[in-house]
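Just below is one structure, and these are the notes that go with it.
The values are calculated or read from the model by the stated rules, or taken from the named source; none is laboratory data. Please read these numbers as outputs of a predicted model, since none were measured by experiment. Don't worry about glycine lacking a Cβ; one is built from the backbone with ideal geometry, like all the others, and counts go over all protein chains shown. These accessible areas exclude ligands, DNA and RNA; they are computed on the full protein's heavy atoms, side chains included. Shrake-Rupley method; radii C 1.70, N 1.55, O 1.52, S 1.80 Å.
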Amino acid sequence: MQDPRTVVKKEQRKSLLILMIMAIYSLLFGVAIVIGLSRGNPQMASNAGWIMIGIGILSIVLYVSARRRGNKHNKPQS
């Protein structure tokens, strides 16, 4: 079995891709909830939509910061 630290260091791109997909998903459905579904019970739907939008924005910020950090961890140790 591989060392979990080695797997995480080598497979960062997959994790970042999943983070970006979930950010887009959260933003799209959050906007849809705020705009479209808030007619029946506006307070509850609006709050849920804004929470999803906030999570989506936070995920994008984390994605950008992780991409800027670069591949410091992937360099072999000497």
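Counting only residues that are of a type in the set (A, V, I, L, M) and at pLDDT below 70, which one in region 3-36 is farthest from Met52 (Cα to Cα)? Full working, then the answer.
Looking only at region 3-36, we keep the residues that are of a type in the set (A, V, I, L, M), and these are 7-8, 16-24, 27-28, 31-35.
Then keep just the ones that are at pLDDT below 70; that gives 7-8.
Numbers: Val7: 30, Val8: 27 Å.
My answer is Val7.
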Report, ordered by the first and then the second residue, all pairs with beta carbons closer than 6 Å, sequence separation of six or more or different chains, a first member in region 52-67 that is closer than 18 Å to Phe29 by Cα and part of a helix (DSSP H, G or I), and a second member that is open to solvent by less than 60 Å² (accessible area, probe 1.4 Å) and of a type in the set (S, T, N, Q). Met52/Ser26; Ile55/Ser26; Gly56/Ser26
Could you say whether any residue in region 57-66 is open to solvent by 80 Å² or more (accessible area, probe 1.4 Å) and modelled with pLDDT under 85? no
